[in-house]
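Visitor: One structure, as structure tokens, below. Some questions next.
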Amino acid sequence: RGSMGIEKIKRGNWVMQTLAETWFLFTNWKYVVPLAINLSGSAVYYYTLSSADITIAVPITNSLALVFTILGGMLVGERPPTRTELIGMSCIVLGVALC
């Protein structure tokens, strides 16, 4: 959804097309906010891998990725999670807390 409207951008050559599309995306908050959240998650993931026991860090970060994806989607206007998804997210968070 954050890139909606990019298909309307038309320029004469591929360089100008690429620059125009890049400008469009990086000036669109609906694209930039999820991207920043995603990149922040990646930074935390690599930091965690370098400073924690890998047998614990990898399962925790991989399982929490689903939770943060759903929450991030809600921030940009996607539908809220269903009851089943909320139960699943609760199980994931509970499992992480037990580790």
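The values are calculated or read from the model by the stated rules, or taken from the named source; none is laboratory data. Since the structure is predicted, the reported quantities are computational estimates derived from the model, not experimental observations. For neighbour counting, all protein chains shown are included, and Cβ atoms are generated from backbone atoms with ideal geometry for every residue, glycine included. Only protein heavy atoms, including side chains, enter the accessible area calculation; ligands, DNA and RNA are left aside. Shrake-Rupley method; radii C 1.70, N 1.55, O 1.52, S 1.80 Å.
Visitor: Restricting attention to the stretch 20-31, and to residues there that are surrounded by 13 or more Cβ atoms within 10 Å (Cβ to Cβ) and free of Cβ contacts under 8 Å to residues at least 24 places away in the same chain, which single residue is nearest to residue 68 (Cα to Cα)?
Guide: 25
Visitor: Still on this structure: In the set 24, 68, which member is aromatic (Phe, Trp, Tyr), in a helix (DSSP H, G or I) and under 30 Å from residue 10 (Cα atoms)?
Guide: 24
Visitor: Suppose we keep only residues that are open to solvent by less than 50 Å² (accessible area, probe 1.4 Å) and not in a loop (DSSP other than H, G, I, E, B) within the stretch 1-19. Which one would you say is farthest from residue 73 (Cα to Cα)?
Guide: Residue satisfying both the conditions and the ranking: 17.
Visitor: While we're on this one: Exactly one condition in (1) surrounded by 15 or more Cβ atoms within 10 Å (Cβ to Cβ); (2) in a helix (DSSP H, G or I); (3) modelled with pLDDT of 80 or more is not met by residue 48; state its number.
Guide: The number of the failed condition is (3).
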